[in-house]
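Below is one structure; the comments refer to it alone.
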Amino acid sequence: MARDNVQGVRVEGRDPKVLQLSDGSNLVLDEEAGSSGRADWTLRENDGSERKGVSVNEALELAGADHANYVEVRTRAEIAWLHLISEWCQDQAERLDRELAVAARA
């Protein structure tokens, strides 16, 4: 659940990938699924701790009205990237399947 009175303040970074929140924590969309196997929003606290698995809805609430668009755009970009990767994986699987079928006939 979103914290009371916390909202987005500004987007930071050379590649705008971090939304600083009013309490000093940061909201980041993990670009790599990592060991969890999921692409999720992460809340990075001032003490260095992280809370992974922040829902899109909670990320929107944390961002606040002024920065909700940032969360939407970053989430849509991640969706597009994941679709692209899945298409590439499908192409590679089909190619390997064809090669295996050819090799079995040889």
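Please treat every number below as a calculation from the coordinates, not as lab data. Small disclaimer: the values here were computed from a predicted structure and weren't measured.
The slack in the chain from VAL102 to HIS83, taken as 0.36 nm per residue of separation less the alpha-carbon distance, amounts to 4.0 nm.
Between ASP47 and ASP23, 0.36 nm times their residue separation minus their Cα-Cα distance comes to what?
Gain in length upon complete extension: 7.5 nm.
Close amide-amide hydrogen proximity is noted between LEU29 and THR42, each under 5 Å apart and 5 or more residues distant or on a separate chain (H modeled in the peptide plane; Pro and chain starts excluded).
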